[in-house]
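Enquirer: Just dropping this structure here.
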Amino acid sequence: MRLTIRLVLLAIALNAGSFLQAQNKVLIIGIDGCRPDGLLAAKTPNLDKIWENGAYSFSAQTDPISSSGICWTAMLTGVWHEKHNVLTNEYKDPNIGEYPHFYRRVKEQKPDLKLYSIVNWSPIHKILQKGDADIVNYLLSDEKVTQRVVDLLQNDNPDAVFVQLDEVDGAGHRYDYVPESSEYLKAIEKADELVGSMITAIKRRELIKKENWLILVSTDHGGSKKGHGKDIPEHTTIFFIANGNDVQKGKIKQQVNVVDVAVTALEHLGIESEEDWNLDGKVIGIR
């Protein structure tokens, strides 16, 4: 009788332990062409709440070839252009065999995880290989991208979601990337509203108490005079924001780079970067 009681108590303890162990998940939001000084100048209550209660850097650095294809690839592979070999927005001959999208790393070690990439600017997906993501969406507005993300967060069970919003970059190209441009700031403020919708969708998830979400928000490049692509501070200085239970809150004192995003996401998903992957990024902002 005593043995039976002990076994029952042990089973309860084990079940309680597994219940308390939250499942790690990650949401990466990339706001294309959003300069850090523009973000700080705009009215962005949702993003302010994320960085003020998280880890942040407004002096992070992107690839010196500050064009979208090169920089998004750096973010998602964890290596600079010398390795991933994406040198233009045409994505000619990307070296994804040796330096694949970080989703490939995830699938190799945890094939059952559900991974999603939902973007406005579709060339980002040229480095995805078959089986890397459970769903890939090519959508034509940030609003539609957000609607799809919110629906996914409310009605599915994703483990990692990458989101790219494009219209801030469009406003930069059309009006200018400087904080003095009211139209540029309006575009950033609209992006903030969309980010708020995504964060709200996470908070309303039925399983949220059993989940441990890491929110990463960054950008691919800055800009000036309606353009970008130069190795100058206005183009290469970006922001990095991390929010979640495992985040070390406050300003990040060490140098942050765009290649750190993928490596940090991998770490949170329980995948330690292997030495032979030869990644340039590092884990940043989390314990």
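The values are calculated or read from the model by the stated rules, or taken from the named source; none is laboratory data. As the structure is a computational prediction, the values presented were derived from the model and not from experiment. Positions of Cβ are backbone-derived with ideal geometry, glycine not excepted, and every protein chain shown enters the neighbour counts.
Enquirer: Can you tell me which residues in segment 27-43 are surrounded by fewer than 24 Cβ atoms within 10 Å (Cβ to Cβ) and either out of contact with any strand residue (DSSP E or B) (no Cβ under 9 Å at 6 or more places or on another chain) or outside any helix (DSSP H, G or I) (or both)?
Expert: Within segment 27-43, 28, 41, 42, 43 meet the criteria.
Enquirer: Take the residues in segment 220-229 that are assigned to a loop (DSSP other than H, G, I, E, B) and in contact with a helix residue (DSSP H, G or I) (Cβ under 8 Å, 6 or more places away or on another chain), then tell me which one is surrounded by the fewest Cβ atoms within 10 Å (Cβ to Cβ).
Expert: 226
Let's see how each residue does on (1) surrounded by 24 or more Cβ atoms within 10 Å (Cβ to Cβ); (2) among the charged types (D, E, K, R); (3) over 27 Å from residue 186 (Cα atoms); (4) at pLDDT 95 or above:
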position: 53; (1), (2), (3), (4): no, no, no, yes
position: 59; (1), (2), (3), (4): no, no, no, yes
position: 63; (1), (2), (3), (4): yes, yes, no, yes
position: 71; (1), (2), (3), (4): yes, no, no, yes
position: 78; (1), (2), (3), (4): yes, no, yes, yes
position: 91; (1), (2), (3), (4): no, no, yes, yes
position: 104; (1), (2), (3), (4): no, yes, yes, yes
position: 114; (1), (2), (3), (4): no, yes, yes, yes
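Enquirer: So, of the residues in segment 258-287 that are small (Gly, Ala, Ser) and assigned to a helix (DSSP H, G or I), which turns out to be surrounded by the fewest Cβ atoms within 10 Å (Cβ to Cβ)? Lay out the reasoning, then the answer.
Expert: As a first pass, look at segment 258-287 and keep what is small (Gly, Ala, Ser): 262, 265, 270, 273, 281, 285.
Filter once more, keeping what is assigned to a helix (DSSP H, G or I): 262, 265.
Values: 262: 27, 265: 29.
Across segment 258-287, the extreme among qualifying residues is 262.
Enquirer: While we're here: Check whether at least one residue in segment 189-206 is touching a Gly at 6+ places or on another chain (Cβ under 6 Å) and not aromatic (Phe, Trp, Tyr), and report yes or no.
Expert: No, that holds for no residue.
Enquirer: Another one. Take segment 230-273 and flag every residue that is in contact with a helix residue (DSSP H, G or I) (Cβ under 9 Å, 6 or more places away or on another chain) and free of Cβ contacts under 8 Å to residues at least 24 places away in the same chain.
Expert: 272
Enquirer: So residue 136 clears everything in (1) farther than 26 Å from residue 278 by Cα; (2) among the aliphatic types (A, V, I, L, M); (3) surrounded by 17 or more Cβ atoms within 10 Å (Cβ to Cβ) except one condition, right? Which one?
Expert: (3)
Enquirer: Output the qualifying pairs, or none if there are none: Cβ atoms under 7 angstrom, residues six or more apart or on different chains, first residue in segment 130-159 and under 17 Å from residue 110 (Cβ atoms) and touching a residue at least 40 places away in the same chain (Cβ under 8 Å), second residue assigned to a loop (DSSP other than H, G, I, E, B) and among the charged types (D, E, K, R).
Expert: Taking only residues 6 or more apart or on different chains, the pairs are 157/114; 158/114; 159/114.
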